[in-house]
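> Please read through the structure below; I'll follow up with questions.
Rule-based calculations on the coordinates, nothing more; no lab input. Keep in mind the model is a prediction, meaning the values are calculated, not measured. Cβ placement follows ideal geometry from the backbone for every residue including glycine, while neighbour counts extend to all protein chains displayed.
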């Protein structure tokens, strides 16, 4: 850390004469003093229900649910069925958004007060600002926060661990830091699991392999997802120390897949989420790639029986797909720059046996002696075989991955070299894996609590009160509130293992992101697939990340940096500088009023974040990412999730556990048409046509040059999607 501090003289945390405060200032922005944040919104009650489209069974029946009038029935159904606390009985103990939001936000504010981060007045301000952001659908935490936080304080929920054989209370399944010590003598509801994303390692021994299944199961129970690099496990037919040969990595992946398929996240119908990663040099690479392809073929054959087949494309509970393996994980291959260069040049690539180091001498083995796997054969790809490796064609390997992904969406590709280049804590270990959707990448045995801001709520105003493109001040306040709340959650939470608890406190990674980007662009009359769209996305992402790191440094100025900063300070500052360099390269395209000011401010915030970080460090090793925001996206009534474009102008989503949600014409479509100066009968005619036909193509009086603005993930001509 000394080398970092030498770059800038340590300053006075009360101010630096540069136009910004060193310490985080917690001030009111959305809620006036002495006004209840709930009074900013009009409220009402409504009855909502989710039915299973196949059986007619009632999945959720909400009577008299109290919600803001601006909330859609879809948001009400999702929040009611997923997040309202039910308890042990049949009746929900929460039946309104006011109750849910108060439970979570009051708990976070009170925790900040107990931790000494906030004064009493600051805790009240933060709690009120969060309530406004949540009720107004500006912001949402990840699902485990809504599942778990505040249940102990408000409803007296306890873990109920029982007694061991000695009559002592059993220790918790979770761990937390209490008075500076990592312990499992806690209650997992008093210290709730608030992180959605975990990365866990696994070792090539039976104890680790079986324990891993337990750890994943406990994460799913409390509503979280996990990812692991399984490259450590030896491949099929590799030797065992006690004699015999190994069944291979995939045999154990099937066990973990079954666990994920049977445990409902958070005790609700939300599906478990998991990521399976292997490196590009694993001996079972081809088997891993073909595993889900073969299972997809089985499911298609089973679907020929109507009673086993999905009822429609949104049916996630069909017998055909519940019967086959591999349906409960996202699979990815970690590729290095070396592999990609070999693939481009047509070179060979070695798949390394995990037990190869047992042999002092490398011995050639004739290919006719190769023992293949009956169900997932790969012999046809092997060019050379020894007791240490099998050599394949790199270009062919990459093509097989691409073809498999075209069949069933897996495997994804993770660029290992690039990921570790942008790693803030290189001296503490490499990044081996990610969470289920790949937005969170960090050290093994780590966790991250996520949150997202809905960009369309920060759309600029034409009256001059904000930047015409984007409400910068409101967005910055949303970023600061979220980072502070997420930082508080790190210490008030528990974790599924001692190692994860230790690393969560040592590195304190956070994951703030945004959602509804496609809708923001559409509402501004800008095509998603355009230079203007890319520049806007880059500028907003840069501003969010820069301001989040600045906020983290301001928190560090008050209570100190994360423990691991001392050994990683130089590396982290270099990564922050890389971000600043990338921000300075954002294209300044014409035709978007307010964009240049947004880029300029983002660049300025990076300078401030670096200045503060050099002097005080950062409270958090990471602060931002871009999550898919599935369930919480519905909570915020977004038109499109995460950084993605609109999936369709009209959509339907199937739900795990049965039921589906249908959405009418996306509001961003109407707002986008208005932005492009369509009005009156012309506007009404276009809206009716899109509602009836599900496409903009051929809409009366809609100019063809505007078709691209309403292009979705399935193109211009395929706008009805499931």
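> Using the Cα gyration tensor of the stretch 37-136, with a ≥ b ≥ c the square roots of its eigenvalues, what is the shape: rounded (a/c below 1.5), prolate (a/b larger than b/c) or oblate (neither)?
Since a/c reaches 1.5 and a/b is larger than b/c, the shape of the stretch 37-136 is classed as prolate.
> Moving on to the next point. May I ask what percent, to the nearest 5, of DSSP beta bridges between residues of the stretch 37-136 are antiparallel? Show your work: numbers first, answer last.
Values: 8 of 9 bridges.
Just about 90 percent of them are antiparallel.
> Sticking with this structure for a sec: With P(r) over Cα pairs in 10 Å bins from 0, in percent as the read-out, I listed [x] 3, 13, 23, 26, 21, 11, 3, 0, 0; [y] 2, 9, 12, 11, 10, 8, 6, 6, 6, 5, 4, 3, 4, 4, 4, 3, 2, 1, 0, 0; [z] 2, 11, 16, 18, 16, 12, 9, 6, 4, 3, 1, 0, 0; which label goes with the value calculated from this structure?
Computed from these coordinates, P(r) over Cα pairs in 10 Å bins from 0, in percent corresponds to label [x].
> Residue 381 label point, 7 Å along Cα→Cβ, cut-off 20 Å on backbone N: hits in the stretch 319-349?
Inside the label zone: 325-327, 329-349.
> Still on this model: At 0.36 nm per residue, minus the direct Cα-Cα distance, what do residue 465 and residue 181 gain on full extension? Give it in nm, one decimal, please. Don't skip to the end; give the middle numbers.
Details: separation 284, 0.36 × 284 = 102.24 nm, distance 4.95 nm.
Taking 0.36 nm per residue and subtracting the Cα distance, the gain is 97.3 nm.
> Highest first, please rank the peptides 564-576, 167-179, 72-84 by the mean number of other Cβ atoms sitting within 10 Å of their residues.
Going from most to least packed, we get 72-84, 564-576, 167-179.
> OK, next. Along the Cα→Cβ direction, 7 angstrom out, place labels at residue 297 and residue 208. What is the inter-label distance in nm?
A separation of 3.3 nm, rounded to one decimal place.
> How high is the relative contact order of the stretch 37-136, in percent, counting Cα pairs under 8 Å that sit 6 or more residues apart?
Relative contact order for the stretch 37-136 comes out at 25 percent.
> Which peptide among 229-241, 132-144 comes first, and what is the full order, when sorted by highest mean count of other Cβ atoms within 10 Å?
Result, highest mean first: 132-144, 229-241.
> Tell me the label-point distance for the pair residue 18, residue 241, using the 7 Å Cα-to-Cβ offset, in nm and rounded to one decimal.
Here the answer is 5.4 nm between the modelled labels.
> By how many nm would the segment from residue 171 to residue 45 lengthen if fully extended, with 0.36 nm per residue of separation less the alpha-carbon distance?
41.1 nm
> If you don't mind, there's one more thing I want to ask. Could you work out the helix-only [θ] at 222 nm for the chain, with each DSSP H run of four or more residues adding -39,500 (n - 2.57) and the total divided by the number of residues, to the nearest 500 deg cm²/dmol?
So the helix-based figure for the chain works out to -12000 deg cm²/dmol.
> Once you keep just the Cα pairs under 8 angstrom separated by 6 or more residues, what percentage relative contact order results for the stretch 245-400?
Computed value for the stretch 245-400: 25 percent relative contact order.
> Let me ask you something else. State whether the stretch 292-451 is rounded, prolate or oblate according to the following rule on the C-alpha gyration tensor (a ≥ b ≥ c being the square roots of its eigenvalues): a/c under 1.5 gives rounded; otherwise a/b larger than b/c gives prolate, and the remaining case gives oblate.
Oblate.
> With each pseudo-label sitting 7 Å past Cα toward Cβ, what's the residue 531-residue 559 distance in nm, one decimal?
Result: 4.6 nm between the two label points.
> Subtracting the Cα-Cα distance from 0.36 nm times the residue separation, let me have the gained length for residue 604 to residue 701 in nm, one decimal.
30.5 nm
> Additional query: Measure out, as a whole number of angstrom, how far apart the alpha-carbon centroids of the stretch 39-84 and the stretch 595-611 sit.
Between the Cα centres of the stretch 39-84 and the stretch 595-611 lies a distance of 41 Å.
> Using a/c under 1.5 as the rounded threshold, could you call the stretch 509-639 rounded, prolate or oblate? The axes a ≥ b ≥ c are square roots of the C-alpha gyration tensor eigenvalues, and prolate needs a/b larger than b/c, oblate otherwise.
Note, shape of the stretch 509-639 comes out oblate.
> Return the FRET efficiency for the residue pair residue 251, residue 691: r is the Cβ-Cβ distance, R0 is 41 Å, and the value is rounded to the nearest 0.05.
Efficiency at R0 = 41 Å is approximately 0.20.
> In the stretch 201-410, what % of DSSP beta bridges are antiparallel (nearest 5)? Don't skip to the end; give the middle numbers.
Numbers: 10 of 20 bridges.
In the stretch 201-410, approximately 50 percent of DSSP beta bridges are antiparallel ones.
> Relative contact order for the chain: what is it in percent, counting Cα pairs under 8 Å that are at least 6 residues apart?
The value is 15 percent.
> Provide the packing ranking of 411-417, 153-159, i.e. peptides ordered by the mean count of other C-beta atoms within 10 Å per residue, highest first.
411-417, 153-159
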